[in-house]
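Reading through the structure tokens given below for one structure.
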Amino acid sequence: MTGDATYLDRILAAKRAELAAARRDRNTTFGDRQLEQALAGLGPTRDFVGALRQGPAPRVIAEFKRASPSAGLLRDGADLEEVVASYERGGAAALSILTDRHFQGSLADLERARQITELPLLRKDFIVERSQILESRQAGADAILLIVAALPPPTLQQFADFAQDLGLAVLCEAHDAHELDRAMAAGCRLVGVNNRDLRTFDVDVERSVQLRAYVPESFTYVAESGISTVDHLRRLQDAGVDAALVGSSLMRADDPGVALQELLEGLYG
């Protein structure tokens, strides 16, 4: 890895190595018959996009994560059941569950969240193989994250189509206008802008504000990263942002749900 490698480059390299090791232990290819068997008995997915478009904007996707590569440990001994229940009480429209080990997450967190909440669930991870999309559906996800910077255009299109065929919503994450164009060209009508610079991990909420004009209002537009105050939400509201993904600031709070409720009450009165 060169000195110019971004945080994303390092995480993706680790993810590919992790998946390569998994392939030695199990079959990760599947035809139509295997796919049908894998999906047998699964209930329908919940309407993730619909949840983000009901009620006053921006709606909040509250995120469960124990740590992050840039900030370290966010909540010592974080209890998923406790935090999820708190987010429900606080008014979350949907939940994001970090399943990547760099955030001290696992697929088991998603599976457990599916059992204890009726809110739509986003699996937040670094998806670089089709098998991860299928396992997301099996584990209880209603939506997945696809990062435009992590996938070549043909792969992004294929993954988005495959996910949608499985009934999953796809949040396509971009960092600039070019990546937004790629997301929309791949057929993603749920697009997000990450306010975090991939080179430095610095955050600027204005990034998602400035890029809002590039996305038609018929799409669902999500702002991600660095959102922590009522002023941030007001700025996003004024820009016409449909939803905000809020994680670190809530996970650091004494009671994440109360912190979320205070944000929403501050915004809507």
Task: Residue ranges of helices (runs of 4 or more DSSP H) in segment 148-259 with at least 1 members under 17 Å from the mean Cα position of the chain (by Cα) - done: 153-165, 177-185, 206-211, 248-252
Task: Where Ala38 falls short, out of the listed (1) aliphatic (A, V, I, L, M); (2) at pLDDT 70 or above; (3) surrounded by 13 or more Cβ atoms within 10 Å (Cβ to Cβ); (4) farther than 16 Å from Ser249 by Cα - done: (2)
Task: Odd one out for Ile11 among (1) at pLDDT 80 or above; (2) among the β-branched types (Val, Ile, Thr); (3) over 18 Å from Leu145 (Cα atoms) - done: (3)
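The values are calculated or read from the model by the stated rules, or taken from the named source; none is laboratory data. What you are looking at is a predicted structure, and each value in this text was computed from that prediction instead of being measured. So basically every Cβ, Gly included, is an ideal-geometry build from the backbone, and we count neighbours across all protein chains shown.
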